[in-house]
Structures are given as structure tokens and as C-alpha cells.
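These notes are about the structure you will find just below.
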Amino acid sequence: DAIPSADQIRITTSLKSQRGSVWTKNKSIFEYWEVEVTFRVTGRGRIGADGLAIWFTEEQGMEGPVFGAADKWNGVGIFFDSFDNDGKKNNPGVIVVGNNGKLLYDHQNDGSTQALASCQRDFRNKPYPVRAKITYYQKTLTVLINNGFTPDKDDFEFCAKVENMVLPSQGYFGISAATGGLADDHDVLSFLTFQLTEPGKEVPTPDAEIPEKDKEKYQEEFEHFQQELDKKKEEFQKEHPDVQGQPGKLFEQFLTDDPFETVSDRELRQIFEGQNRIHLEIKQLNRQLDMILDEQRRYVSAVTEEIAKRGAGVSGQQGQVSQQEIDTVVKTQEEVIRQVNEMRNSMADTLRLISGAQHPGSAAGVYETTQHFNDIKEHLHVVKRDIEHLVQRNMPSSEKTKCPDLPPFPSCLSTMHFFIFVAVQTVLFIAYIMYRSQQEAAAKKFF
């Protein structure tokens, strides 16, 4: 049931009664070795099952009941057991079990009767992948665990150690997993194998490690693959004559370009993004200032026409006063228009500074842009205050808002009504007293 993908292998999915495994195709001829496995065990439940196993066996493992692999193996299995079969509350745990090819795994006791070493570690639902480092050197097997709480790849903790352990000189590496009534996702992200040698001992050459028969087989596979690749290239060039030669150039450019972003590039990109946002905000503010300027012009024309109409039918002295008011209003409006034009000029200078600041080496424009923003805010407040003052000044006295007079409060209670109310209350009170007296006299007759 294993599912391979580009970046990991899902040994088993979180479904019931699943079994999966992955094994090396060729035997390992290392006398001493070390494997480092990165995996995830995730599930929705508080308890998971069954678990995951890392193998080194003389023969390639098949499907079976021991965490998805066959029983009676010759070698060693490191079991990451998720489910507590014996009820001793010592799971999840890591158990090292050896076998000479004749023993059956003790499922009911979680292998405790056959365990050579063990430790209790919770490896389910960790924020980072769990890492296991298994070392076999000079007949000593050591298991180290990274608990998955830190991204540090070298943060390993000691788990188990087995001395005087004899393993097959050659064998297959594998990893398997299984689910039962409960289920987890068992994902393997990496499986790295290293050869260990004694200090001063010569390492065998790669040619000596591969048999001649296997070398011939690999050479034939490589030639077949090369022919298929050349054929695919020819078909692609025939189907796409316009892009002939471009795939190689693009690949070469990808290899030469730096795919990572340096600290200076990131800071420069952040400055550009901030400048672009400021540029957009100033453009929007410039549009709003144009709208304000149009409103001011319409208001000036409307006020001038209204004052001219009112001043046409008055006397000479009143005409002089109206003319003075007109001159004052016009001067005020000209001052407002002048301030708005200054603001527009300031906006243009700011946009020009921002355009210059978007080139490398001109980060000092950010401070000047901030100063222009503050000046624009002050100019807007001045315009708003002048407009309000102008509206209040030019509004006729008869049109100024006045608070409405409160209506007279009506008389809620007269003297006659008060005496009638008191008399009615008195009568009701006397009637209630007489009724209570009759009830008490009737009750006394029973005693």
C-alpha cells in the first residue's frame, strides 16, 4: 500500500489494515554502516497504530504481520511501536529486536520478551520530522532519536544500545509500516546510508564494490536511457521548431542564476515596495485635491453671483458695503486657490522625488516623502478651516441655523383631579379593611 511521490513515500495511509514497505534493490556490502531516516507519523486520534519499522535483513523483506514486513527475518529490526498491546502504558516506544530467521515476533507483549534494547519516545504528530540515526560499528548497534521539536538536524538524543551484536555481512535495508483498527499516516522523507571504516583502513574503490555483471547491466540501462532521451529531443525539435535551442539556454541560465535572495536584495525590494505604496497613496491624494479645487471654483462662482444679485437693488452706501464684501470673498477664495495650487506643486515635487528614490542608492527619498506627507496634511487642515469660515461668514443671518423653541409644558395634574384621586384611594382602602375584618370574623367561628 505504499505510495511514492516526488519528495516522500507514504508507507501507509491513515486507513485501517494497511501494509506497506520499501526495500533497497541491491545488497549492502558494508561491514560497518550508519543509516539516518527522516519520517513523520501523523494521525487525528490521540492513539495511533500500528507503527513503523527500520530493517537490515539478509534477504529482501516481503509483506507480513510484523509492521507490514515478513516474520522470521535474519537481521535486526528497529520498531517504532505506536499501539500499546500489552497495556503497560509504555507506548509509543522504540524497540530493537534481533532475529536469526527462526523466531516469531511477540505481538501481544509488544516484543518486550525479545527486545535487546528499548526506549520510550513519542514520535507522533510532531511539528518537525522525526529523525532516527542507527549506527552499527564493531558489533555495537546504537540508536539515536531527534524528537521532532526542533529543526536542528544534529539534535539527537540517546535511545538504545546493543553490544556484541552479530549481523549478516551483507543485507538489504528497508522500511515498513502497518495500521490496524486505528490508523496513522506513515511518511518517509529520506533514508540515507553511510559506510563506516576504521581509522587508517583503505576504503574500497567504487569499481571494486560493484560486480562486473551489475556494471554491464547498469551500462546497458544507461545507453537505453540515453537513446530514449535523444529520441525525445528530436521529437520535441520537430514539434517546436520555433523554440529550437532555447530549452538548453534556459537550463543553463537557471544553473548560472542565483536562486536565493540576499539580505541586501531583500532590503532593496522592501524599499521599492514601500515607495510604490507611497506613490499610489499620493496619486489618490492628488485626485482628491483636484476635486476640492473644482468644488472651490464652483463655490466662488456661486457666491459671487449671489452677492451680485443682492447688491443690485440696494442704495449707494449699501452698494459700497456689498462691494467690500465681494472684494473680501474674492480675496479669500483667491487665497484658498493659491494654497491649493501650492499643494499641487508640492505633490508634483513629491512624486518626482519618489520616482528618483526608486533607483538603487536613493533610499534617502523616504524621509523627504514623509516630510511632504506631513506638509500635505497641514495644508488640507488649513483648506478645511478656511472653507468652514467662509461658509459661516457668507451665510445670511436669516438662514443661520437656530435651535427650535421648546413647546410649553402642559399641566399634567389639576387640584380637582388630585382631590378626586385621594378620595377614591381612601374609599378603596376602607373597603379593603372591612373585607379583611369579615374574613377574620368568619375564620374565628371554627375555633
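Excluding Gln227 itself, what net charge comes from residues whose Cβ is under 14 Å from its Cβ, given Lys and Arg +1 and Asp and Glu -1? Numbers along the way, then the final one.
Details: positive: Lys231, Lys232, Lys233; negative: Glu220, Glu221, Glu223, Glu228, Asp230, Glu234, Glu235.
Within the 14 Å Cβ shell, the charges total -4.
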Checking the stretch 143-232 for trypsin sites (Lys or Arg not before Pro) in a loop per DSSP with at most 10 other beta-carbon atoms within 10 Å yields Lys201
Heavy atoms of Leu116: accessible area, 1.4 Å probe, square angstrom to 10 | 90
³J(HN,Hα) across the stretch 80-87 via Karplus (A = 6.51, B = -1.76, C = 1.60, θ = phi - 60°), whole Hz, x for Gly/Pro?
-> 9, 8, 8, 9, 8, 6, 8, x
Counting only protein heavy atoms and leaving out ligands, DNA and RNA, the solvent-accessible surface of Thr42 at a 1.4 Å probe, in Å² to the nearest 10, equals 40
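According to the square roots a ≥ b ≥ c of the eigenvalues of the Cα gyration tensor, what is the shape class of the stretch 262-308, taking rounded for a/c under 1.5, prolate for a/b larger than b/c otherwise, and oblate for the remainder? Walk me through the numbers on the way to the answer.
Numbers: a/c = 12.39, a/b = 9.56, b/c = 1.30.
Cα axes put the stretch 262-308 in the prolate bin.
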Which of the trypsin sites (Lys or Arg not before Pro) found in the stretch 2-59 are in a DSSP loop and have at most 11 neighbouring Cβ atoms, other than their own, within 10 Å?
-> Lys16, Lys25, Arg44, Arg46
Residues whose placed amide H lies under 5 Å from that of Gly111, excluding near-sequence neighbours = Asp106
When the solvent-accessible surface of protein heavy atoms is calculated with a 1.4 angstrom probe, in what order do Glu239, Glu342 fall, highest first?
-> Glu239, Glu342
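The values are calculated or read from the model by the stated rules, or taken from the named source; none is laboratory data. Just so it is clear, the structure is predicted and the values come from calculations on it, not from any experiment. Because the Cβ atoms are built from the backbone with ideal geometry, glycine has one as well, and the counts that use them run over all protein chains shown. When the accessible area is computed, the model is the full protein with side chains, heavy atoms only, and any ligands, DNA or RNA have been set aside. Shrake-Rupley method; radii C 1.70, N 1.55, O 1.52, S 1.80 Å.
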